[in-house]
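Just so you know, all these numbers are worked out from the coordinates, no wet-lab data involved. Just so you know, these numbers come straight off a predicted model, no measurement behind them. Cβ sites come from the backbone with ideal geometry, for glycine too, and all protein chains shown count toward neighbours.
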């Protein structure tokens, strides 16, 4: 197979699948857009592994939170998923820059998005 990753966060708007469509909600007729174009046959949902983001990027300063690394110096153990960060989590880079804090306020988890790599 081609290695194409279906992301429910992005969906496939060009194929009529809106962002936010969970993998399990794809139609039974869903086919891999890459394998079909490359002539590898009709690779359906059965040919995919689920993608779960493990890295998130700050939309202000581009700091990357990596769940594999965590932030042990801040008490966040390696392996801590982004969804399990404390409610008072703040971007460690933005939080230290007074100009960013003045312009954007405290940048919390809502200021981050999944890193597509």
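The table for this structure:
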| quantity | calculated |
| --- | --- |
| Euclidean distance between Cα centres, the stretch 95-117 to the stretch 57-87, Å | 12 |
| Length-normalised contact order for the chain - Cα pairs under 8 Å, 6+ apart - percent | 20 |
| Potential lengthening between residue 19 and residue 116 on full extension [0.36 nm per residue; Cα-Cα distance subtracted] | 33.5 nm |
| Calculated FRET efficiency for the pair residue 2/residue 60, C-beta based, R₀ 30 Å, to 0.05 | 0.30 |
| Packing-based exposure ordering (other Cβ within 10 Å, fewest first) of 2, 61, 94 | 2, 61, 94 |
| For the chain, convex hull of alpha carbons as volume per residue, Å³ | 128 |
| Estimated [θ] at 222 nm from DSSP helical runs (n ≥ 4, -39500 (n - 2.57)) normalised by residues in the chain, nearest 500 | -2500 deg cm²/dmol |
| Ranked 85, 9, 31, criterion: other C-beta atoms within 10 Å, fewest first | 9, 31, 85 |
| FRET E, pair residue 29, residue 83, Förster distance 35 Å, beta-carbon r, rounded to 0.05 | 0.65 |
